[in-house]
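The values are calculated or read from the model by the stated rules, or taken from the named source; none is laboratory data. Model, not experiment: these values are computed from the prediction. As a convention, Cβ positions derive from the backbone with ideal geometry for all residues, glycine included, and neighbour counts pool all protein chains shown. SASA here: full protein model, heavy atoms, side chains in, ligands and nucleic acids out. Shrake-Rupley method; radii C 1.70, N 1.55, O 1.52, S 1.80 Å.
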Amino acid sequence: MKKSYLFRGIFYAAGLFILALGITLNTKTGLGVSPIISVSYSISAIWNLNFGNMTLVLYGIFVAAEMLLHTIRNKRSMKRESTILVHANKVDLKLVLLMDLLQFPLSLVFTRFLNVFSAWIPDLSSLSPDSFAGSSLGRFTFLAIAVVLTGIGAAMSLNMRVIPNPGDGIVQAIADCVGRETGLVKNCFDILNISVTAMTGMIFAGKIVGIGIGTVAAVIGVGRTISIFNHFVREKMDTLAGMQAR
């Protein structure tokens with residue numbers, strides 16, 4: 001049992017590490033960033049602010065929104081249920097809000113990963129076009145690697161079902177509150193983030209910042225990577241982590 005918990009913790013931490021690396025590498029290609037962090041990226045780029053810190057602020061907003069949505073959903077549930085289940089609903093809400101709150105320290109650790117990788121990985125668009133990393137082929141190659149890493153990291157951290165990344169948590173909270181399929185809500189939320197990012201860039205920089213082919217690649221490729229990774233790897237990971245395979 002202790003060994004399975006160890007594996008679960010290792011997979012979860014490794015997932016967050018790989019996810020942060022993938023997201024950062026995506027931003028460094030200069031081809032566009034993933035929708036979920038496009039708002040914080042555009043703000044940090046326009047006003048020359050720290051990317052990790054802006055992402056921490058964005059995640060804080062997501063967590064606050066999650067707590068509000070979970071409270072609203074719980075109140076709706078209590079109105080529909082009998083008085084016998086009211087106490088159970090209140091207890092359940094406390095546990096849900098506790099899990100929401102735990103996303104704050106998770107966000108702090110995760111965004112420190114972003115800062116470390118941002119300092120370590122150079123902007124590929126600023127490198128000499130004569131070098132592989134600075135060439136168009138090199139940048140698209142690293143974009144593909146970034147998308148794959150993001151998908152693998154997301155899959156590993158989500159599959160362990162510990163504390164969700166706020167970017168995933170807010171999508172699930174919205175889906176639960178409005179009663180819609182998670183995939184549909186994810187697509188709508190991506191479009192919302194892209195729209196906010198585009199408007200922010202046009203208003204304050206006179207151009208679109210952070211949106212490009214890399215954004216499209218992230219929207220399409222991350223989900224496919226998660227599906228492929230889970231198809232080939234998840235059962236083995238679940239066994240090692242002492243979790244029932246899905």
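Numbers at a glance
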{"item": "Most positive-pole-ward Cα, Ile121, Met199, Pro105, against dipole of region 84-202 from beta carbon charges", "result": "Pro105"}
{"item": "Label point 7 Å beyond Cα of Lys79 along Cβ direction - residues of region 168-186 with amide nitrogen under 19 Å", "result": "174-180"}
{"item": "For the chain, built as a Gaussian network whose Cα springs stay under 10 Å, the top-fluctuating residue of Ile152, Ile203, Ile220", "result": "Ile203"}
{"item": "C-alpha long axis of helix 182-204 to longest principal axis of the chain, angle in °", "result": "50 degrees"}
{"item": "Environment charge at Gly52 (Cβ cut-off 15 Å; Lys +1, Arg +1, Asp -1, Glu -1)", "result": "+2"}
{"item": "For a label point 7 Å along the Cα-to-beta-carbon line of Ile145, residues of region 108-134 with backbone N under 12 Å", "result": "121-122, 124, 132-134"}
{"item": "Å² per residue, accessible surface of region 75-224 at 1.4 Å", "result": "56 Å²"}
{"item": "Probe 1.4 Å, all protein chains present, accessible-area order of His70, His231, largest first", "result": "His231, His70"}
{"item": "Ala119/Met202 FRET efficiency (R0 25 Å; Cβ-Cβ; nearest 0.05)", "result": "0.30"}
{"item": "Of all accessible heavy-atom area on the chain, the percent that carbon and sulfur account for (1.4 Å)", "result": "68 percent"}
{"item": "Additional length obtainable on full extension of the chain from Arg161 to Ala65, 0.36 nm per residue less Cα span", "result": "32.5 nm"}
{"item": "Stretchable slack from Leu97 to His231, in nm (0.36 nm times residue separation minus alpha-carbon distance)", "result": "45.1 nm"}
{"item": "Along the chain, longest interval not containing exposed chymotrypsin sites (Phe, Trp or Tyr not before Pro), exposed being DSSP loop plus at most 14 other Cβ atoms within 10 Å", "result": "133-246"}
{"item": "Exposure ranking of Ile211, Ile10 by accessible area [1.4 Å probe, largest first]", "result": "Ile10, Ile211"}
{"item": "Förster radius 41 Å - calculated FRET efficiency between Leu6 and Ser126, Cβ distance, rounded to 0.05", "result": "0.50"}
{"item": "Environment charge of Thr182, counting only residues whose C-beta is closer than 12 Å and scoring Lys/Arg +1, Asp/Glu -1", "result": "-1"}
